[in-house]
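See below for the structure under consideration.
The values are calculated or read from the model by the stated rules, or taken from the named source; none is laboratory data. Bear in mind that the values here come from a model prediction, so they are computed numbers and not experimental data. Here the Cβ is made from the backbone with ideal geometry for all residues, glycine too, and neighbour counts use every protein chain on show. Quick note on the areas: whole protein, heavy atoms, side chains included, nothing else; ligands and nucleic acids left out. Shrake-Rupley method; radii C 1.70, N 1.55, O 1.52, S 1.80 Å.
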Amino acid sequence: MCTLPYFPLLNSQPEEDPEYEAVGGELMRGLIEIAEPSPHWVEDFLALHACLAQALESTALAIEHTGSTSVPGLPAKPIIDVILLVPDANQENAYVPALESAGLVLWHREPGWYGHRMLKPAANSGLADANIHVFSAGSPEYLRHLIFREHLKQNEADRTAYAAIKREAACALAAAHGANGLVMDYNRIKEPFIRSVHDRIFAG
């Protein structure tokens, strides 16, 4: 099964409402804190990878470490982002029960964003804090994350600029909302920079 998207979709975003639906958790709030790079982030991902691979076997088409913790030298929120690619993210019965048995919690659904589901390790799972983002095979979001990750690994100027934007976003939310800041708002502040990088990459 091909896991790659139709190329023209890479530089576009879905126009429909993502339809956020809380399941095991609500919108994430808290004090947004940016930590210095840690070698433990790679180890944390490898433990998560082993857990997902064992639970899903061939249903897991790809398991990728994404987000800032996947880029050496980049400060980040100390939460591991993982993209899990499955044949059809909307068919929860094909993967959610196995992941719940492995100690994960289905956190929310966003059907309008390429069928996105997110799971998190349960508090007693022994796994690091993580966001497991599930997409269907062929989702452009999967490849966008990988391209952005690899670009930051190779481009020091953009890596430095992104680190500054992340710190500024965290400070702005802390000043405005303290420990009640929405992670979604933090991501919105970063989004123009991420899109500008994508525009440059896909225009090349």
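Numbers for the structure displayed
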{"item": "Counted residues, segment 190-204 - those being open to solvent by less than 80 Å² (accessible area, probe 1.4 Å), at pLDDT 85 or above and either over 18 Å from residue 66 (Cα atoms) or not in a helix (DSSP H, G or I) (or both)", "result": "2"}
{"item": "Selection within segment 137-180 - basic (Lys, Arg) and either exposed (fewer than 15 other Cβ atoms within 10 Å of the Cβ) or under 25 Å from residue 112 (Cβ atoms) (or both)", "result": "144, 149, 153, 167"}
{"item": "Filter result (assigned to a helix (DSSP H, G or I), open to solvent by 30 Å² or more (accessible area, probe 1.4 Å) and hydroxyl-bearing (Ser, Thr, Tyr)) within segment 66-118", "result": "101"}
{"item": "Given (1) in contact with a helix residue (DSSP H, G or I) (Cβ under 7 Å, 6 or more places away or on another chain); (2) within 20 Å of residue 41 (Cα to Cα); (3) not aromatic (Phe, Trp, Tyr), number of the condition residue 121 does not satisfy", "result": "(1)"}
{"item": "Tally, over segment 43-61, of residues that are touching a helix residue (DSSP H, G or I) at 6+ places or on another chain (Cβ under 9 Å) and either of a type in the set (S, T, N, Q) or surrounded by fewer than 14 Cβ atoms within 10 Å (Cβ to Cβ) (or both)", "result": "2"}
{"item": "Yes/no for residue 138 being at pLDDT below 95 and at positive phi", "result": "yes"}
{"item": "Set 21, 16, 33: member being open to solvent by 50 Å² or more (accessible area, probe 1.4 Å), at pLDDT 80 or above and of a type in the set (D, E, K, R)", "result": "33"}
